[in-house]
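Chemist: Have a look at this one.
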Amino acid sequence: MVRVTCSDRSPDVQAGSTGQVRAHPLLSTLLSLETVIGRLESEAGFTPASRSKLSASEVTRMGKLDEMMARRAAEAVRLA
């Protein structure tokens, strides 16, 4: 969470046009970026919960190359 203080040295607040303390203009941008990054992390499987969802929905179908290799191995065993 972002802290907001009235300190002159605090990077997250600044003086407004009439001297009032207000949040830094880029603070809202930073917060929205954190939200987007969190959503992308879960979609890409960077969190443990999203990783478990991705592994549960994995397809275990053999590819064309795997099928061809299995046929050749079976044929080699049959001919031997």
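Chemist: Please determine whether any residue of the range 60-80 is outside any loop (DSSP other than H, G, I, E, B), modelled with pLDDT under 80 and not β-branched (V, I, T).
Modeler: No, the range 60-80 contains no residue that is outside any loop (DSSP other than H, G, I, E, B), modelled with pLDDT under 80 and not β-branched (V, I, T).
Chemist: From the list S57, S50, exactly one residue is touching a helix residue (DSSP H, G or I) at 6+ places or on another chain (Cβ under 9 Å) and modelled with pLDDT under 90. Which is it?
Modeler: The unique qualifying residue is S50.
The values are calculated or read from the model by the stated rules, or taken from the named source; none is laboratory data. Keep in mind that this is a model prediction, so the values were computed, not measured. Backbone-built Cβ (ideal geometry, glycine too); neighbour counts: all protein chains shown.
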